[in-house]
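*Asks:* Before we start, here is the structure in question, set down as structure tokens.
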Amino acid sequence: MSQYLMNNYGNRNHSLSRGEGCYLFDDSNKRYLDALSGIAVCGLGHCHPAVTQAITEQAGTLLHTSNLFNIERQEQLAQALCEISGMERAFFSNSGAEANEAAIKISRLYAKAKGIAEPVVITTQGSFHGRTMATLSATGNPKVQEGFSPLVDGFNHVPYNDPAAIEELCKTGNVVAILVEPVQGEGGVRVPDEDYLQHLRQICDQYDCLLMLDEIQTGNGRTGEYFAFQHSNIKPDVLTTAKGLGNGVPIGACLAAGKAAELLQAGSHGSTYGGNPLVCATALATVNELRKEELLNNVRDRSAQLLTGLTIALKGCEKLKEIRVKGLMVGIELNENCGQLVEKAWQKGLIINVTAGSTIRLLPPLVINQEQVDHIIAIINDIVRED
Ligand SMILES: Cc1ncc(COP(=O)(O)O)c(C=O)c1O
């Protein structure tokens, strides 16, 4: 590891030099099947022609002007995302954490408008919302917060998938927003009850607070609908996304509807790079591919294949605790810590991730095919049983 880099990522043992579709290649040209997608980023796989073309064309036209000027591509991307989601306005950031920062700032302005001096945003235990000071304070994981006190005030963490706990807090009158992931990603691919979001919508309506969904990881087709909330027949007030939005270029978005869409006014928020022509042209090309019904159908089909295939393959395996699947977010929880399986999979030409200590997490490109999914299942079965 370079002595010139800070140590925050720890030791990284491997390098990759090239990508093509669902495969990555190392310096010796060994091929790896990518079941991680750069942590849910490269939904269209690596070097997708539509994305490469958009980047190349835009790079030869105009990279950056700043938000002091109209940016046509930014306007087009905002319109596309609003059409897809039913939201009304967009703010573009450079990352997921910054998209959540915008959402949190919107909740503060909402509190001000309502005359609440000490507003509370409810978030959930096991959640992950980012690494900036406000978003790590919102995150429901003490490990992420360790060493960074004093944290930002105004977050209250309740158990995930427990609407009653939220309702109890709302009775205090200080709650202005609920910030929640439709499926907890970093927390171990935790899938809540089907009516969870509907309950949250109803509570937000009853207590006049904002339903803010963090779809940084679940958005952009990952769960088999463009946004995960679209499985639930509700609409949030605020919706954040990033990761898959740019297929690898750094972009995030905070979308809002209704009263929440009018709170950020001139001068109240901004970003030098946010939504520049390069990232917006790339994201627009990405979104136009991701929204295609055939792609979302592939996510659903490959999801069903993974659930069935893994269930059959791992049947009777004593180490297996639970398999959790929502679209192409897959968590295979074992009864023991299993971080070492990442290296074992690498040796067999498969890239996976382990999260929350004991959960193998698969986030393959959304364009993955049937044969590639079979290959993932076979290798996972080998490494879990061999170990
Ligand atoms: C649900 C969720 N929110 C926020 C973030 C933070 O995004 P970023 O790393 O782009 O700041 C992540 C990243 O893993 C995430 O999964």
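*Asks:* Given the structure, is residue 105 surrounded by fewer than 20 Cβ atoms within 10 Å (Cβ to Cβ), of a type outside the set (Phe, Trp, Tyr) and within 16 Å of the ligand (Cβ to nearest atom)?
*Replies:* Taking the combined requirement at face value, the residue satisfies it.
*Asks:* For residue 25, work out the one condition from (1) within 16 Å of the ligand (Cβ to nearest atom); (2) without any contact (Cβ under 8 Å) to a residue 40 or more places away in the chain it doesn't fulfil.
*Replies:* Only one criterion is unmet by residue 25, namely (1).
*Asks:* Also, I was wondering about something else. Going residue by residue through the range 201-219, is there one that turns out to be farther than 17 Å from residue 123 by Cα and within 16 Å of the ligand (Cβ to nearest atom)?
*Replies:* Yes - at least one qualifying residue is present in the range 201-219.
*Asks:* May I pose another question? Confirm whether residue 154 is touching an Asp or Glu at 6+ places or on another chain (Cβ under 9 Å), open to solvent by 10 Å² or more (accessible area, probe 1.4 Å), within 11 Å of the ligand (Cβ to nearest atom) and among the small types (Gly, Ala, Ser).
*Replies:* No; evaluated as a whole, the condition is false for this residue.
*Asks:* With open to solvent by less than 10 Å² (accessible area, probe 1.4 Å) and either touching a helix residue (DSSP H, G or I) at 6+ places or on another chain (Cβ under 8 Å) or within 16 Å of the ligand (Cβ to nearest atom) (or both) as the only criterion, which of 94, 100 stands out?
*Replies:* That would be 100, the only listed residue that is open to solvent by less than 10 Å² (accessible area, probe 1.4 Å) and either touching a helix residue (DSSP H, G or I) at 6+ places or on another chain (Cβ under 8 Å) or within 16 Å of the ligand (Cβ to nearest atom) (or both).
*Asks:* Related question: Could you list, in sequence order, all residues of the range 129-151 that are within 13 Å of the ligand (Cβ to nearest atom), farther than 20 Å from residue 108 by Cα, open to solvent by 40 Å² or more (accessible area, probe 1.4 Å) and not polar (S, T, N, Q)?
*Replies:* none
*Asks:* For the range 204-220, which positions are within 11 Å of the chain's Cα centre (by Cα) and part of a strand (DSSP E or B)?
*Replies:* 213, 214
Residue-wise test of (1) closer than 27 Å to residue 193 by Cβ; (2) within 23 Å of the chain's Cα centre (by Cα).
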residue: 282; (1), (2): no, yes
residue: 285; (1), (2): no, yes
residue: 292; (1), (2): no, yes
residue: 297; (1), (2): yes, yes
residue: 315; (1), (2): yes, no
residue: 322; (1), (2): yes, yes
residue: 343; (1), (2): no, no
residue: 355; (1), (2): yes, yes
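*Asks:* So if I check each of 37, 66, which one is of a type in the set (S, T, N, Q), modelled with pLDDT of 95 or more and within 18 Å of residue 298 (Cβ to Cβ)?
*Replies:* After ruling out the rest, the residue left standing is 37.
*Asks:* Now a separate question. Specify the residue that is nearest to residue 299 (Cα to Cα); the eligible residues are those in the range 322-360 that are of a type in the set (S, T, N, Q) and touching a residue at least 24 places away in the same chain (Cβ under 8 Å).
*Replies:* Of everything passing the filter in the range 322-360, 353 is nearest to residue 299 (Cα to Cα).
*Asks:* Now a separate question. Just the residues that are in contact with a Cys (Cβ under 8 Å, 6 or more places away or on another chain) and open to solvent by 100 Å² or more (accessible area, probe 1.4 Å), please, taken from the range 1-44.
*Replies:* Listed by number, the list holds a single entry, 20.
*Asks:* Go through 305, 347, 372 for me and flag whichever is of a type outside the set (Lys, Arg) and open to solvent by 60 Å² or more (accessible area, probe 1.4 Å).
*Replies:* 347
*Asks:* Just the residues that are free of Cβ contacts under 8 Å to residues at least 12 places away in the same chain and assigned to a helix (DSSP H, G or I), please, taken from the range 276-300.
*Replies:* Once the filter is applied, which keeps residues that are free of Cβ contacts under 8 Å to residues at least 12 places away in the same chain and assigned to a helix (DSSP H, G or I), the range 276-300 yields 293, 294, 297.
*Asks:* I would also like to ask the following. If residue 273 meets every condition in (1) open to solvent by less than 60 Å² (accessible area, probe 1.4 Å); (2) touching a residue at least 12 places away in the same chain (Cβ under 8 Å) apart from one, which number is that one?
*Replies:* That leaves (1) as the condition not met.
*Asks:* Sticking with this one: I'd like the full set of residues that are farther than 18 Å from residue 141 by Cβ, open to solvent by less than 30 Å² (accessible area, probe 1.4 Å) and either at pLDDT below 95 or more than 16 Å from the ligand (Cβ to nearest atom) (or both), limited to the range 164-186.
*Replies:* 166, 170, 175, 176
*Asks:* What are the residues in the range 140-194 that are farther than 23 Å from residue 230 by Cβ and of a type in the set (Val, Ile, Thr), if any?
*Replies:* Selection gives 144, 152, 158, 172, 175, 176.
*Asks:* Could you list all residues from the range 221-247 that are within 12 Å of the ligand (Cβ to nearest atom) and either at pLDDT below 95 or in a loop (DSSP other than H, G, I, E, B) (or both)?
*Replies:* Selection gives 222, 242, 246.
*Asks:* Has the range 55-66 got at least one residue that is in contact with a Ser or Thr (Cβ under 9 Å, 6 or more places away or on another chain), in contact (Cβ under 8 Å) with a residue 12 or more places away in the chain and farther than 16 Å from residue 276 by Cβ?
*Replies:* No - not one qualifying residue is present in the range 55-66.
*Asks:* I would also like to ask the following. Of the residues in the range 201-253, how many are closer than 23 Å to residue 110 by Cα, of a type outside the set (Val, Ile, Thr), open to solvent by 10 Å² or more (accessible area, probe 1.4 Å) and touching a residue at least 12 places away in the same chain (Cβ under 8 Å)?
*Replies:* Total meeting the criteria: 6.
The values are calculated or read from the model by the stated rules, or taken from the named source; none is laboratory data. This is a predicted model, so every value here is computed, not measured. Every residue, glycine among them, receives a Cβ derived from its backbone with ideal geometry; neighbour counts consider all protein chains shown. Remember, those area values only see protein heavy atoms, side chains included, never the ligands or the DNA or RNA. Shrake-Rupley method; radii C 1.70, N 1.55, O 1.52, S 1.80 Å.
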